[in-house]
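The values are calculated or read from the model by the stated rules, or taken from the named source; none is laboratory data. Quantities reported herein were computed from a predicted structural model and do not represent experimental measurements. Cβ coordinates were reconstructed from backbone atoms using ideal geometry, including for glycine residues, and neighbour counts include every protein chain displayed.
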């Protein structure tokens, strides 16, 4: 147990960048994450995200949260279909 | 698609044909949008009916092959603003200005908005809670979220529907989502997620 945790620590130290737990440009990141989820990110933003997405804990959490909210809005909020009476009323008003 | 755009001079038959083919398929989305804006079934009925009658009246200004859904949404949004302001002394404008002032500085909006809300807490919310949180937003913020996340319009389409630049669409969405997170947090909190 002790031995294995030591070796994994050593392996972690060898990695180029440790996980960030504070994001100093979170506002910019959040805008980028939203654009990505909206399918509106440009190539530069997509590339930046691809290279950095696993290095910053606040951004990872933001991505998950924003995605969950977007999904919830899309799939959980009840969609009200147009009442048939209204369709009939519109057609009647237009005489057809 | 093979038809040349007919900007003016539809015959009556053509008007009905365009109306049926281009406008009617969007009626469920239109009704849903109207209901989310007004949060009232009767008002939604009136708003959709007004919008479709207007669309028919102004059908000569619709170019076939262009985005009928965005065109209709724009009419509905404008009708809503006019009726809404008439009915209730411009609460949308007042609300919006108030919130714009509060959140006008990007920094003010963002430092206070590293919202402590967890993704799994959102997953546990039920539809009514999400809808109530959405409904509690000032109408301009609610609108961008409906258009983007519920109806799936692109930023460019939203810019046309709302008559605002794309940059404003982006920043308004950003603010709207921060506000929504605060509202959602209340529901998540009331379920015991908030320690």
Could you look through region A:59-96, keep only residues that are at the interface with another protein chain (Cβ under 7 Å from one of its Cβ atoms) and over 37 Å from the mean Cα position of the chain (by Cα), and pick out the one that is modelled with the lowest pLDDT?
A:96
Got a number for residues in region B:11-44 being facing chain A (nearest Cβ under 9 Å), more than 13 Å from the chain's Cα centre (by Cα) and without any contact (Cβ under 8 Å) to a residue 12 or more places away in the chain?
5
Hits in region B:123-141 (condition: closer than 21 Å to residue A:63 by Cα and touching a residue at least 24 places away in the same chain (Cβ under 8 Å))
B:124, B:125, B:130, B:133, B:134, B:141
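Among the residues of region B:82-91, is any touching a helix residue (DSSP H, G or I) at 6+ places or on another chain (Cβ under 9 Å) and modelled with pLDDT of 90 or more? Reasoning before the result, please.
Taking region B:82-91 and keeping what is touching a helix residue (DSSP H, G or I) at 6+ places or on another chain (Cβ under 9 Å), we get B:83-85, B:87, B:90-91.
Then keep just the ones that are modelled with pLDDT of 90 or more; that gives none.
There is no residue in region B:82-91 that is touching a helix residue (DSSP H, G or I) at 6+ places or on another chain (Cβ under 9 Å) and modelled with pLDDT of 90 or more.
I'd like to know if region B:158-165 contains one or more residues that are within 11 Å of another protein chain (Cβ to nearest Cβ), modelled with pLDDT of 95 or more and in a helix (DSSP H, G or I). So that I can check it myself, show each step before the final result.
First pass over region B:158-165, keeping only residues within 11 Å of another protein chain (Cβ to nearest Cβ): B:158.
Remaining after also requiring modelled with pLDDT of 95 or more: B:158.
Narrowing the set further to residues that are in a helix (DSSP H, G or I) leaves B:158.
Yes - at least one qualifying residue is present in region B:158-165.
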